[in-house]
Amino acid sequence: MHLQLQVNGDMSDLPSEPEFEQAYQELASTLEESTLFEKHPEYRTALKVCAIPERVIQFRVVWEDDQGSLRVNRAYRVQFNSALGPYKGGLRFHPTVNLSILKFLGFEQIFKNALTGLNMGGGKGGSDFDPKGKSDNEIRRFCHAFMRELSKHIGSDTDVPAGDIGVSGREIGYMFGAYRHARNRWEGVLTGKGLAWGGSLIRPEATGYGVVYYVEHMLQHAGRGGFSGKRVAISGSGNVAQYAALKVIELGATVVSLSDSRGALVAIDDGAPFTAEHVEKIAALKVDRRALTDFDHGGRYRYIEGARPWTHVGKVDVALPCATQNEVSKEEAEALMDAGVLVVAEGSNMGCTQGAIDLFEAQRRQKGKESVWYAPGKAANCGGVAVSGLEMAQNSQRLSWTTEEVDEKLKGIMKQAFTAGVETAQRYVKASEGELPSLVAGSNIAGFVKVAQAMHDQGDWWV
């Protein structure tokens, strides 16, 4: 069912925002196809209100490059919803950043954060600045200029950004320093900080580890054991992909692919799966912002230029898109199903196109427990923001928890997100006997209802 986002009139006079419209349609269609609106028609009003950000901040960033030339970039912060707590969501530095992408990410973040069970609202921000090819001094000057403006709009009880694509610990450090000097305050205004100055253990690993913990629950619920002996295809080679790969290897599975924006690196047959040592070498390359083509693997893997891994990995049990949005097309979804995939779980945000999701969901309805089971990013990759929330809690208490403490809390949050999706789907989605529950619908409804009820209680919408 195709729904139009209508708040006051139609969308004909609005600028095209394809990524945001896709994210909205994905949520709205699952709500519409469930029994939620039949049982609670008032929630249609809540959806209209949720679809518009509370605030969008747009500004310019003027900075100086190493040649002394003036440079200027566009920057944004979308403060989407604060019903459950301070706005929370990453900052992305990438040439493709625009308002549509940030609205899509912020919209997803609202419901992802709700699924963690922590007190966090949803937001997203960033700039079309490209850190690649820039010196440390140029990046520092840009971050300081960026934060001079953003610091007026954020705070530990208002809006707590984190990192995202193009924003690593280095950029977080530069921005935290700029905020501290501009506001004369030391507070947990950013997450992903260094361990010596307010960061949390397990935060770098959290998204990758979290998606693996989530998939473990999927495999066990469907009676498919754990990761041991499974073949796992992973896209991306950044933070999420690296730690997902390392955790998968630790649990006894075989990693058969990684990728970057230029192409895919695929294990050759069964003789050369990725090792933890090789993943760590790739991580070191990424710190230096180098491509997978610079990885010296001695012919152990095959690099396929301009390709994503899904059609090149052979037999595969688990697929983890961990790179960017819309990285699994309908055709690639078909290839994964032909390869015998059991589980597809998004480490990236909106990693699958709507065509791919529709295909996975159709097969889930047709084949029962023998089908592929798909998990959306707002549930499967919520571990990153969950540990960001734990970092906020540690900052508020001026405490530091151990690795074991944070990891146990992360495992509990991922179990809670999985359970919420399953139980909500069973409550609101009609299903045949033996059919696996829809984690798309269940996660969407669980997150939406929690946010909508908080908004209603606070008077943000009424009927």
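Of the residues that make up the stretch 389-402, is at least one basic (Lys, Arg), more than 27 Å from Leu336 (Cβ to Cβ) and over 20 Å from the mean Cα position of the chain (by Cα)?
So far as the stretch 389-402 goes, yes, one or more of its residues are basic (Lys, Arg), more than 27 Å from Leu336 (Cβ to Cβ) and over 20 Å from the mean Cα position of the chain (by Cα).
Looking at the stretch 147-161, which of its residues are buried (at least 22 other Cβ atoms within 10 Å of the Cβ) and either in contact with a helix residue (DSSP H, G or I) (Cβ under 7 Å, 6 or more places away or on another chain) or free of Cβ contacts under 8 Å to residues at least 60 places away in the same chain (or both)?
Those that are buried (at least 22 other Cβ atoms within 10 Å of the Cβ) and either in contact with a helix residue (DSSP H, G or I) (Cβ under 7 Å, 6 or more places away or on another chain) or free of Cβ contacts under 8 Å to residues at least 60 places away in the same chain (or both): Met147, Val160.
I need the full set of residues from the stretch 407-418 which are open to solvent by 10 Å² or more (accessible area, probe 1.4 Å) and out of contact with any His (no Cβ under 8 Å at 6 or more places or on another chain), in order please.
Asp407, Glu408, Lys409, Lys411, Gly412, Ile413, Gln416
Sort through Tyr209, Tyr174 and tell me the only one that's touching a residue at least 12 places away in the same chain (Cβ under 8 Å), among the hydroxyl-bearing types (Ser, Thr, Tyr), open to solvent by 30 Å² or more (accessible area, probe 1.4 Å) and not assigned by the TED database to the domain that holds Glu305.
Tyr174
Residue by residue through the stretch 45-59, note down the ones that are closer than 19 Å to Leu99 by Cβ and of a type outside the set (S, T, N, Q).
Residues satisfying the conditions are Cys50, Ala51, Ile52, Pro53, Glu54, Arg55, Val56, Ile57, Phe59.
Go through (1) more than 25 Å from Ala23 (Cβ to Cβ); (2) touching a residue at least 40 places away in the same chain (Cβ under 8 Å); (3) in contact with a Lys or Arg (Cβ under 6 Å, 6 or more places away or on another chain) and name the single condition Gly106 misses.
Every listed condition holds for Gly106 apart from (1).
Scan the helices (runs of 4 or more DSSP H) fully inside the stretch 321-393 and keep the ones with 3 or more residues being open to solvent by 10 Å² or more (accessible area, probe 1.4 Å).
330-338, 354-367
Restricting attention to the stretch 14-53, report how many residues are open to solvent by 10 Å² or more (accessible area, probe 1.4 Å) and part of a loop (DSSP other than H, G, I, E, B).
Result for the stretch 14-53: 10.
The values are calculated or read from the model by the stated rules, or taken from the named source; none is laboratory data. Remember, it's a predicted structure, so these values are computed and weren't measured experimentally. Because the Cβ atoms are built from the backbone with ideal geometry, glycine has one as well, and the counts that use them run over all protein chains shown. These area figures cover heavy atoms from the full protein model, side chains too; ligands, DNA and RNA do not enter into them. Shrake-Rupley method; radii C 1.70, N 1.55, O 1.52, S 1.80 Å.
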